[in-house]
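Below: the structure, in structure tokens.
The values are calculated or read from the model by the stated rules, or taken from the named source; none is laboratory data. Predicted model only: the values in this text are computed from it and were never measured. When we count neighbours, we look across all protein chains shown, and the Cβ atoms used for this are built from the backbone with ideal geometry, even at glycine.
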Amino acid sequence: MIMEKGHMGLRELSVLALLIIGLTTAVFLITDGIPTAGPMQQAVPQQVDVQTESSLGEIFEQAMARADSRFYDTDPNGTYDIRSYRWALPSLDEQPDTIPIKQNDLRAAPVRFNDRYDDGLRGFAYRTYQRANLTGPPLIIGTAVFISDPDMLESYHQSGQAFDIRYDPHPERSQILEDCSIIFSSSMSASSGTGVKVYDVVCRIVYGATS
């Protein structure tokens, strides 16, 4: 068949179209079925250089809104029992920098990370999402607020190391939040100029401490 240079005949166009369709189908088959990164698998987002006059309670409200968003992103079905727990130093109504850093400050000890406390911890809150009438583990999302830099969680953040959290203020005795990892971090500046660091964490399981 004679074909003018620079143009394709109908037969060649038909063959090319079939090749394109075949390649497109192959790409679809290769990628189909591979799970995309869900809300707990994505790289850790970070906000920096944010100025805030929020109280610890307001910071936790924002954090729990993020937790709810992540929960509903999982497209849950059925009825869930959702519970929240909060601890703050000095109180939920105060800004994080109300109490300055003090070395060996046992007031920060009610919440410990790998059984160690951090002098700069000013609050911790977490929320559990438990499917009703099921015995499986709940989804657990928490938030820690620090005024020290660097703080203990920053080392876990940089290394990607998992850690446990012991939460003593729980109304049903101390709880262990196990196998936690950081899913969000934010660096802020309080009205006094003090640095504030916020970390959202997700944990695998929670249970009552035995000792």
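Pick out the one residue from I205, I183 that is under 16 Å from Y129 (Cα atoms), out of contact with any His (no Cβ under 7 Å at 6 or more places or on another chain), in contact (Cβ under 8 Å) with a residue 60 or more places away in the chain and not polar (S, T, N, Q).
I205
When you look at A108, is it surrounded by 13 or more Cβ atoms within 10 Å (Cβ to Cβ) and at pLDDT 95 or above, yes or no?
So A108 fits the description; yes.
What pairs come up if the first residue lies in the stretch 157-178 and is more than 17 Å from T143 (Cα to Cα), the second is of a type in the set (A, V, I, L, M) and assigned to a loop (DSSP other than H, G, I, E, B), and their beta carbons are under 7 Å apart, counting only those six or more places apart or on different chains?
Hits for this filter: R173/A209; S174/A209.
Please work out if R86 is surrounded by 12 or more Cβ atoms within 10 Å (Cβ to Cβ) and assigned by TED's automatic domain parsing to the domain that holds R131.
The answer is yes for R86.
Give A144, A132 a once-over and let me know the one that is in the same structural domain as A63 (by TED's automatic domain parsing), within 20 Å of S187 (Cα to Cα), touching a Phe, Trp or Tyr at 6+ places or on another chain (Cβ under 8 Å) and among the small types (G, A, S).
Going through A144, A132 in turn, just one is in the same structural domain as A63 (by TED's automatic domain parsing), within 20 Å of S187 (Cα to Cα), touching a Phe, Trp or Tyr at 6+ places or on another chain (Cβ under 8 Å) and among the small types (G, A, S): A144.
Determine which member of the set R204, R131 is over 16 Å from L56 (Cβ atoms), among the basic types (K, R), modelled with pLDDT of 95 or more and surrounded by fewer than 20 Cβ atoms within 10 Å (Cβ to Cβ).
It is R204.
Of P96, P150, which residue is in the same structural domain as E61 (by TED's automatic domain parsing) and more than 17 Å from T52 (Cβ to Cβ)?
P150
If you take the residues in the stretch 138-169 that are assigned to a loop (DSSP other than H, G, I, E, B) and crowded, with 18+ Cβ neighbours inside 10 Å, which one is modelled with the lowest pLDDT?
For the stretch 138-169, the residue satisfying everything is S148.
Kindly provide the set of residues from the stretch 63-119 that are of a type in the set (F, W, Y) and part of a loop (DSSP other than H, G, I, E, B), ordered by number.
Y117
Six or more apart or on different chains, Cβ under 7 Å: which pairs go from a residue in the stretch 65-88 that's within 24 Å of H170 (Cα to Cα) to one that's surrounded by 11 or more Cβ atoms within 10 Å (Cβ to Cβ) and among the acidic types (D, E)? Could you list them?
As it stands, the answer is R66/D200, since those pairs meet every condition given.
Filter the stretch 187-211 for residues that are of a type in the set (G, A, S) and over 19 Å from I101 (Cβ atoms) and give the result.
Residues satisfying the conditions are G208, A209, S211.
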